[in-house]
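Inspection log for the structure reproduced underneath, given as structure tokens.
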Amino acid sequence: MFPEYRDLISRLKNEDSHFARLFDEHNDLDHQIIRLEQNPVTSNSTEIETLKKTKISVKRYQLYVILKKASGE
């Protein structure tokens, strides 16, 4: 995620608890999505789509905003 901000992400994960929590939330959502997609018996497309939308929202509208602000862009 955001390879151009790799160093900044590492720094913010250590220095900004809000950013670290959002980053962990994004990763948790990713793992939930993967688990659901890999298990066709319990796979619920509505749940998967909801999780994907939440993940995108965290990434685009929260993490990215923090990264842009912290980088001075």
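The values are calculated or read from the model by the stated rules, or taken from the named source; none is laboratory data. Model, not experiment: these values are computed from the prediction. Counting neighbours? That spans all protein chains shown, and the Cβs are built from the backbone with ideal geometry, glycine included.
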Working carefully through the options Phe2, Phe19, find the one that is under 23 Å from Val65 (Cα atoms) and at pLDDT below 95.
Phe2
Take the residues in region 1-16 that are closer than 17 Å to Arg60 by Cα and touching a residue at least 40 places away in the same chain (Cβ under 8 Å), then tell me which one is surrounded by the fewest Cβ atoms within 10 Å (Cβ to Cβ).
Phe2
Give me the pairs: first residue in region 33-59 and closer than 18 Å to Leu22 by Cβ, second residue in a loop (DSSP other than H, G, I, E, B), beta-carbon distance under 7 Å, and six or more apart or on different chains, which are they?
Lys59/Met1
